[in-house]
1. Tally Lys/Arg at +1 and Asp/Glu at -1 over every other residue whose Cβ is under 11 Å from the Cβ of residue 112; what's the total?
2. Would you mind working out the magnitude of the charge dipole of the chain relative to its Cα centre, with +1 at each Lys and Arg C-beta and -1 at each Asp and Glu C-beta, to the nearest 20 Debye?
3. Once each part is reduced to its C-alpha centroid, what is the distance from region 248-303 to region 60-121 in angstrom?
4. For the chain, what size does the Cα cloud have along each of its three principal axes, sorted from largest down, in whole Å?
5. Of 70, 172, 28, which has the most accessible area and how do the rest follow, probe 1.4 Å?
6. Roughly what % antiparallel, to the nearest 5, for the DSSP beta bridges in the chain?
7. Treating cross-link reach as a plain straight distance, find the lysines whose alpha-carbon is under 22 Å from the alpha-carbon of residue 232, omitting any fewer than eight places away in the same chain.
8. What is the magnitude of the charge dipole of region 122-170 about its Cα centre, with +1 placed on the Cβ of each Lys and Arg, -1 on the Cβ of each Asp and Glu, and no other charges, expressed in debye to the nearest 20?
Amino acid sequence: MTKNFINQPEVQALLRESAGLNSAEGDERFKNIIHRMLENICALIDDFNVTEEEFWHAVNYLHELGGSKEAALLAAGLGIEHYLDLRQDALDAAAEIETGTPRTIEGPLYVANAPLSQGHDRMDDGKDQGKTMWLFGTVRDTKGNPVANAVVDIWHANTLGNYSFFDQSQSEYNLRRRIKTGSDGRYSVQSIVPSGYGCPPNGPTQHLLNGLGRHGNRPAHIHFFVSAPGHKHLTSQINLSGDKYLWDDFAFATRDGLIADPVEVNDTQIIKTRGLNGPHTEVNFDFTLCVSHSPEEESRITRLRAKE
Ligand code: MBD
Ligand code: FE
């Protein structure tokens, strides 16, 4: 076959026609993106001499991926979601915008509209015998002042690494809460220490990762959306130190500045003031929010989410 077969006039004409570039209808930006995507797929088929068997295997993979609703999981596992963060960081740096708590990926397991409480709540339903965790901190602005009326939306896995809603064996909104801060900017929750997540071993994401010689595990982590009037929305997570996957996260979400140390608490006075029965683990993490310059910056990006 001729070198650069993709550049044959017949192929170029086909790609233009199939991407709708010859049509007056449709969306310009969409057409250009689809055109580039088709060109890249065709070039890749050429460059790697992709066989017809391999091509239809890939098509069937997409069927499986969609059928099991793992496309967003794969986007995290292939680092594309982290790439979006790297791009936003670079855009912020280029604009010399001040930085607060680092952003990191949302992941595919958020559920909207968790119970909202003022200052404090308990997140677990008491059915998981995990270690009690007292998670607390302060939301501040870049000048160090506490931010009132910030909503700290928290979600994390149970001791099996599973998330309520996606794991139907858990109660509704288990380990999912929203806490609104008062004038002191503080939030606190009683919960259980989460375990790391592992991709479904027989799902299409793990199958692909197997082919790459990669595992599908995440360290123990806690997700946050933090938002407040006049401030930029923050999507982030903290990863717990001591986890063997801390710097080997299949979703690339661990970042400097987002590592929290679980601390054992034995002080009877602290145990008492928290209304707990005995020794437990505390995790302290403060957030710094940046001032927003437009209303859009104050809310999370639009994305299809459960219960929204
Ligand atoms: C998770 O819990 C998660 O946070 C991500 C990013 C991917 C899979 C499971
Ligand atoms: Fe997660």
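The values are calculated or read from the model by the stated rules, or taken from the named source; none is laboratory data. Predicted, not measured: the structure shown is a model, and the values here were computed from it. Note: ideal-geometry Cβ built from the backbone for every residue, glycine included; neighbour counts use all protein chains shown. Surface areas here come from the heavy atoms of the whole protein model, side chains and all, with no ligands, DNA or RNA. Shrake-Rupley method; radii C 1.70, N 1.55, O 1.52, S 1.80 Å.
1. Every neighbour counted, the sum reads +4.
2. Roughly 940 debye, rounded to the nearest 20.
3. 17 Å
4. 79, 44, 31
5. 172, 28, 70
6. Roughly 65 percent of the beta bridges in the chain run antiparallel, per DSSP.
7. List returned: 143, 180.
8. With only Lys, Arg, Asp and Glu charged at Cβ, the dipole is about 240 debye.
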